[in-house]
1. (1) modelled with pLDDT of 95 or more; (2) out of contact with any Leu (no Cβ under 9 Å at 6 or more places or on another chain); (3) of a type in the set (D, E): which one isn't true of D8, the others all being true?
2. In the range 180-206, which residue that is part of a helix (DSSP H, G or I) and free of Cβ contacts under 8 Å to residues at least 60 places away in the same chain is surrounded by the most Cβ atoms within 10 Å (Cβ to Cβ)?
3. Could you list all residues from the range 96-152 that are away from ligand 1 (no atom under 16 Å from the Cβ) and of a type in the set (G, A, S)?
4. Tell me, which residue of the range 292-340 that is within 14 Å of ligand 1 (Cβ to nearest atom) and closer than 22 Å to S224 by Cα is nearest to the chain's Cα centre (by Cα)?
5. In this structure, is L251 of a type in the set (A, V, I, L, M, F, W, C), over 30 Å from H203 (Cβ atoms) and more than 16 Å from ligand 2 (Cβ to nearest atom)?
6. Within the range 225-258, can you find the residues that are touching a strand residue (DSSP E or B) at 6+ places or on another chain (Cβ under 6 Å), within 15 Å of L196 (Cβ to Cβ) and not β-branched (V, I, T)?
7. Quick one: count up the residues across the range 243-294 that are surrounded by fewer than 16 Cβ atoms within 10 Å (Cβ to Cβ) and among the β-branched types (V, I, T).
8. Being at pLDDT below 95, more than 25 Å from I210 (Cα to Cα) and either surrounded by 22 or more Cβ atoms within 10 Å (Cβ to Cβ) or hydrophobic (A, V, I, L, M, F, W, C) (or both) is the requirement here; does A80 meet it?
Amino acid sequence: MRMLPVLDTAPQAVADTSALAAPTRTLDAFGRHIHYVRISLTDRCNLRCVYCMPEQVAFRPSAELLTDEELVIVLRAMSALGFDKFRLTGGEPTVRPGLLDIVREVASLPTAREITMTTNGLRLAQLAHPLKRAGLQRVNISIDSLDPAKFKRVTRWGNLQDVLDGIAAAEDAGLTPIKLNAVVIRGYNEDDLPALAALTLDHPWQFRFIEVMPFADVADFQQSAIVTTREMIARIEAALGPLTPENGGQLDGEARLYRLPGAQGVIGFISSISQPFCHSCSRVRLTADGKLRLCLLKDDEVDLRAPLRRGATADDLQELIRRAIWRKPWGHELANGVIPTRRIMSEIGG
Ligand code: SAM
Ligand code: SF4
């Protein structure tokens with residue numbers, strides 16, 4: 001297995017003192033304030049992107065997934081713990097039945113400050129306006145190539161025009177500012193970087209290029225296909241001119257932002273492998289089957305579904321979540337060969 005470079009180092013964890021974890025400001029043992037949850041609404045998807053899942057993939061039986069009611073109970077507990085950022089993802093969130101009701105429930109949480117969704121965009125032409133009316137604020141849309149044949153090859157059968165229509169609908173509905181995502185995969189779309197980056201010249205969009213991360217059954221392919229941020233920047237600058245750092249070079253969420261000369265929009269790089277941002281992590285993930293996943297790239301999870309189905313009270317649930325967050329790992333250990341083995345990305349909530 002190829003070793004990957006990791007630059008982030010863990011500080012010393014402090015001893016568990018409940019006093020540090022006030023009810024509306026949930027801290028982990030490293031003092032990070034955890035207030036952002038990415039919610040996988042389903043492990044299912046209407047695409048099969050090569051970097052995300054194998055072509056023959058077995059989805060979980062519906063009975064294993066949190067029901068709408070269970071999901072709302074968990075999210076209310078998280079809201080009571082001070083969570084204020086909620087991202088709906090998957091799998092493909094737009095294939096979850098009852099999506100609009102779920103968005104309404106999230107929007108009615110007393111602490112909800114940001115409600116966003118990551119989607120492949122295929123269903124946005126129909127759903128963008130209803131989602132906006134239900135309370136969704138923004139979308140991140142995945143688009144890995146502007147060449148229809150390459151797009152189809154990366155996604156295994158996707159139709160690029162559906163995504164372009166979805167982006168237009170999202171903009172029309174006011175799900176803005178629009179953010180677009182591309183995972184860069186050697187042999188599939190590394191030549192497309194300049195064309196994708198050039199979208200920011202004429203649109204006020206944020207285009208984010210993502211280093212591929214390794215998971216379970218797909219890890220060998222993912223590790224052999226990685227294109228680092230350094231190479232991405234070199235390819236874009238060679239074609240389009242110098243990139244100027246935005247935001248004083250500081251992270252914006254997980255992305256480092258740059259601007260092309262005269263561009264309306266910005267370009268972001270999510271460098272989870274070459275420049276990890278674990279020190280500023282503020283998030284956990286809720287899997288569709290009700291596990292609180294503490295770090296994207298570690299298998300540590302805490303089951304919330306079983307206690308819920310055994311009749312846990314709201315207080316029990318809050319205590320369980322608070323204690324789980326205290327145990328959130330510092331960050332990934334890919335450089336030491338530690339790769340998450342139990343789930344692929346679509347099951348976690350990317
Ligand atoms: N289906 C939606 C979509 O594709 O946008 C949401 C779920 S998808 C798992 C969320 C994000 O994770 C997408 O931007 C996708 O490109 C990214 N992603 C999937 N597999 C990845 C991997 N192995 N490494 C890095 N990013 C990945
Ligand atoms: Fe589906 Fe998103 Fe994974 Fe592609 S990246 S297979 S669209 S979940």
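The values are calculated or read from the model by the stated rules, or taken from the named source; none is laboratory data. Keep in mind that this is a model prediction, so the values were computed, not measured. Here the Cβ positions follow ideal geometry from the backbone for every residue, glycine too, while neighbour counts run over all protein chains shown.
1. If we test D8 against (1) modelled with pLDDT of 95 or more; (2) out of contact with any Leu (no Cβ under 9 Å at 6 or more places or on another chain); (3) of a type in the set (D, E), just (1) comes out false.
2. The initial filter retains those residues of the range 180-206 that are part of a helix (DSSP H, G or I), namely 190-197, 199-202.
Of the ones still in play, those that are also free of Cβ contacts under 8 Å to residues at least 60 places away in the same chain are 190-196.
Values: E190: 14, D191: 13, D192: 20, L193: 25, P194: 14, A195: 14, L196: 20.
By that ranking, first place goes to L193.
3. G98, A107, S108, A112, A134, G135, A149 - these are the residues of the range 96-152 that are away from ligand 1 (no atom under 16 Å from the Cβ) and of a type in the set (G, A, S).
4. As a first pass, look at the range 292-340 and keep what is within 14 Å of ligand 1 (Cβ to nearest atom): 293, 296-297, 332, 334, 339-340.
Those still in the list that are closer than 22 Å to S224 by Cα too: 296-297, 332, 334, 339-340.
Details: L296: 9, L297: 12, H332: 16, L334: 18, I339: 18, P340: 16 Å.
That would be L296.
5. Values: of a type in the set (A, V, I, L, M, F, W, C): yes; over 30 Å from H203 (Cβ atoms): no; more than 16 Å from ligand 2 (Cβ to nearest atom): yes.
Considered against the rule, which asks whether it is of a type in the set (A, V, I, L, M, F, W, C), over 30 Å from H203 (Cβ atoms) and more than 16 Å from ligand 2 (Cβ to nearest atom), L251 comes out as no.
6. If the condition is that a residue be touching a strand residue (DSSP E or B) at 6+ places or on another chain (Cβ under 6 Å), within 15 Å of L196 (Cβ to Cβ) and not β-branched (V, I, T), then M232, L243, A255, Y258 are the ones that fit.
7. Total satisfying the criteria: 1.
8. On the way: at pLDDT below 95: no; more than 25 Å from I210 (Cα to Cα): yes; either surrounded by 22 or more Cβ atoms within 10 Å (Cβ to Cβ) or hydrophobic (A, V, I, L, M, F, W, C) (or both): yes.
Taking the combined requirement at face value, the residue does not satisfy it.
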